[in-house]
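So the structure is just underneath, and the comments pick up after that.
The values are calculated or read from the model by the stated rules, or taken from the named source; none is laboratory data. Because the structure is a prediction, the values reported are computed rather than measured. Virtual Cβ from ideal backbone geometry, glycine too; neighbours counted across all protein chains shown.
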Amino acid sequence: MSEAPAPEYILKTEGVVTRYGNIEALKGIDIQVKKGTITAIIGANGAGKSTLLLTISGILKPSSGSVSFLGASIDSLKPHAIVERGITHVPEGRRIFSSLTVYENLMLGAYIRPDNKAVEKELENIYGLFPILKERLHQKGGTLSGGEQQMLAISRGILSKPQLLLIDELSLGLAPIVVDKLFEAIRMIRDAGTTILLVEQNAVKALKYSDHAFVMEVGKIALAGKSSELLNSQDIRKHYLGE
C-alpha cells in the first residue's frame, strides 16, 4: 500500500471564530502555512493577531471553524498535547521565569524530551546562535536585558524541538540592532528546518524576512501573498507601512 501524500501545508485554519465572551475577536480566519517557511501576520493593534496564535496553540478554543496541523485536527486538544504534536508558542512579552537561571529556563523547554544527548547537542547549537546565553548561563533570567530575554524565550521554544514555532511580537520594545540580530536568527532557525509563524508589529521587518504574509484587520484576513510582493505593493506601503 502506498503512503498517503504529505499535506501541502503544515498548518491550516479554516473559518476560525474565537470569542472573548460576546466579543468576536476572530471572524472566520483562513490561513495556510507551508513547511520550511517563515509566515508573517501583520496588522494594527487589536486586529486579532495574538488571539490567532493563542487559538492555534490551544490556549483559546475556537467557537467554530477548524485548526489542522500536518493534516490532523488539533482544535480540540489541550495546549500540552499540541506541544507534544510539534507546535511551540513563544508568547508576547517573553514570559521567562525571572527567578530561574538561564540554564533552568532553557531546560524547561526540553521537559517533554527523553533524549538527553540530543538536548545537549541542541544546547550547543543554541549557544552558537546566541553566544550571550552561554555567557549568562548561571545568571537569573530576570537579570537579562530585554533582547537577551527574547533570545532565551526563543531558545526555550527551540529546545522542545517543534516542527512549527509560533512567535508573538519578536521585536517588541527592543533596540534596532537587537531586532536585526533576532530576525537574522529566525531566518537561521527556518533554514535549520523549523517552520515559523510570526506575529509582528514591525511590518517592514516582517515582510523583509518572511516568505509569505497575511494582513489582519479587525479579526479578518484583509490581504495575503508573497512577502516580497506585499512589501513592494503601493497599497500596502501606503496603508500598512505608513508611507
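Can you spot a residue in the range 159-178 that is farther than 24 Å from I10 by Cβ, touching a residue at least 40 places away in the same chain (Cβ under 8 Å) and out of contact with any helix residue (DSSP H, G or I) (no Cβ under 8 Å at 6 or more places or on another chain)?
Yes; the residues of the range 159-178 include at least one that is farther than 24 Å from I10 by Cβ, touching a residue at least 40 places away in the same chain (Cβ under 8 Å) and out of contact with any helix residue (DSSP H, G or I) (no Cβ under 8 Å at 6 or more places or on another chain).
Only one of these conditions is not met by A47: (1) surrounded by 21 or more Cβ atoms within 10 Å (Cβ to Cβ); (2) at pLDDT 95 or above; (3) touching a strand residue (DSSP E or B) at 6+ places or on another chain (Cβ under 7 Å). Which number is it?
Here A47 clears every test but (2).
Can you tell me which condition I59 does not meet? The list is (1) surrounded by 20 or more Cβ atoms within 10 Å (Cβ to Cβ); (2) outside any strand (DSSP E or B); (3) in contact with a helix residue (DSSP H, G or I) (Cβ under 6 Å, 6 or more places away or on another chain), and all the others hold.
That leaves (1) as the condition not met.
Among I196, I158, which is the only one that is closer than 22 Å to M107 by Cβ, crowded, with 21+ Cβ neighbours inside 10 Å and aliphatic (A, V, I, L, M)? Walk me through how you get there before you give the answer.
Working: I196 fails: closer than 22 Å to M107 by Cβ.
Only one candidate qualifies: I158.
Note down all Cβ pairs under 7 Å where the first residue falls in the range 49-63 and is in contact (Cβ under 8 Å) with a residue 24 or more places away in the chain, the second is assigned to a helix (DSSP H, G or I) and among the aliphatic types (A, V, I, L, M), and they're at least six residues apart or on different chains.
Short answer, once both residue conditions are applied: S57/I82; G58/I82; L60/L54.
Please identify the pairs in which a residue from the range 21-45 that is in contact (Cβ under 8 Å) with a residue 12 or more places away in the chain and under 16 Å from S66 (Cα atoms) has its Cβ atom under 8 Å from the Cβ atom of a residue that is outside any loop (DSSP other than H, G, I, E, B) and of a type in the set (F, W, Y), counting only partners at least 6 apart or on another chain.
Hits for this filter: I31/F214; Q32/Y9; V33/Y9.
Which residues, counting only those in the range 130-178, are touching a Gly at 6+ places or on another chain (Cβ under 8 Å) and polar (S, T, N, Q)?
Q149, S155, S160, Q163
With respect to the numbered conditions (1) over 22 Å from T195 (Cα atoms); (2) within 22 Å of the chain's Cα centre (by Cα), which one is the sole condition not fulfilled by L152?
(1)
If I go through the range 96-119 residue by residue, how many of them are surrounded by 14 or more Cβ atoms within 10 Å (Cβ to Cβ) and either among the small types (G, A, S) or on the phi > 0 side of the Ramachandran plot (or both)?
Result for the range 96-119: 2.
Restricting attention to the range 66-103, which residues are touching a residue at least 60 places away in the same chain (Cβ under 8 Å) and closer than 24 Å to L172 by Cβ?
V83, I87, T88, H89, V90, P91, E92, G93, I96
Would you say I112 is in contact with a helix residue (DSSP H, G or I) (Cβ under 7 Å, 6 or more places away or on another chain) and touching a residue at least 12 places away in the same chain (Cβ under 8 Å)? Lay out the reasoning, then the answer.
Values: in contact with a helix residue (DSSP H, G or I) (Cβ under 7 Å, 6 or more places away or on another chain): yes; touching a residue at least 12 places away in the same chain (Cβ under 8 Å): yes.
Yes; evaluated as a whole, the condition is true for this residue.
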